[in-house]
Amino acid sequence: MEMDTKNLDDVTSLLGPDDLPVFEHLNEDGAAHLVLICDHAGRAVPAMLDGLGVDVEHMDRHIAYDIGAAAVTRRLSELLDAPALLHNYSRLVIDCNRPLGHPESIAEISDGTTIPANVNIREQQALKRVDTLFWPYHQAVSNVIGHRWRVEGCPPVLFSVHSFTSTFGDEHRPWDAGVLYNRDPRLAHVMMETLRDQGLHIGDNQPYSGLEAAYSIDVHGTSPGLANGVIEIRQDQITDEAGQERWANILADGLRSIMRRDDIHRVQRF
């Protein structure tokens, strides 16, 4: 079923006065030479998109946002005194961790659920989502990285927090967490070793590959030569406050060790 959204063609902005800001910027003056991002933190939908035509219960599912990731990111920002950017809007409106035009950028179907407002979306309406929700977030990430770089005189580390489901279709995902990366192994390899030393089952570019599903760290980290990586935490481990606190502390310990490495604040392209 398609959703009639032609009345949006003349709208200049998707966000009204009661909508959330595009992103949340935490700890702007944090001392750590590290930038945290959470691309799928929120599940908000602009009011004028009328819930995308999706039954409301689907907005509680993993298809709408990364369950538990925002809470882990917020606590990690506190523990490390690091700036953090969290996107407030659902990946079903537009996925800020996919390149524009990618089939999952404005997905018509997600894990078997049709997203009516995305089916055969008109180009003009797609571009409104891009201009309203995609570019402002990525511009903010670039600005925060640039500020930290200017202040310290060397590039910060970029670390992205995500979560994944324990099963997907018929696939069982046994990992406690996965570490994703594209071409730069500096952060990822040390983080995997650190987590495995604690007896955790850690995937190497699992359950997704950073070569395919890590747009944000590729653009803001790998391309300019910043050390970067993604943590994917299994969602059943961070659904409550105790699990979120546990994982924030685990990651904080790992990142403190990584930040002490001689090669971590160098521009290096792989």
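Read-outs throughout are calculated quantities, based only on the coordinates presented, and are distinct from any laboratory measurement. All figures in this text were calculated on a predicted structure; none of them were measured in a lab. Because the Cβ atoms are built from the backbone with ideal geometry, glycine has one as well, and the counts that use them run over all protein chains shown.
Working from label points 7 Å from Cα in the Cα-to-Cβ sense, the His189 to Val56 distance is 5.1 nm. P(r) tail for the chain: Cα pairs beyond 32 Å make up 21% of the total. When you work out D = kT/(6 pi eta Rh) for the stretch 8-138 at 20 °C and 1.002 mPa s, using the Kirkwood radius from C-alpha pairs as Rh and the Stokes-Einstein form, the result is 140 µm²/s. Compared with the alpha-carbon gap, the fully stretched path from Ser209 to Glu241 is longer by 8.7 nm at 0.36 nm per residue. What the Cα atoms of the stretch 126-173 give is an Rg and a Dmax of 16.9, 49 Å. As a length-normalised measure over Cα pairs under 8 Å and 6 or more apart, the relative contact order of the stretch 56-121 settles at 22 percent.
Neighbours of Ser77 by Cβ distance under 13 Å: Lys/Arg scored +1, Asp/Glu scored -1, total -3.
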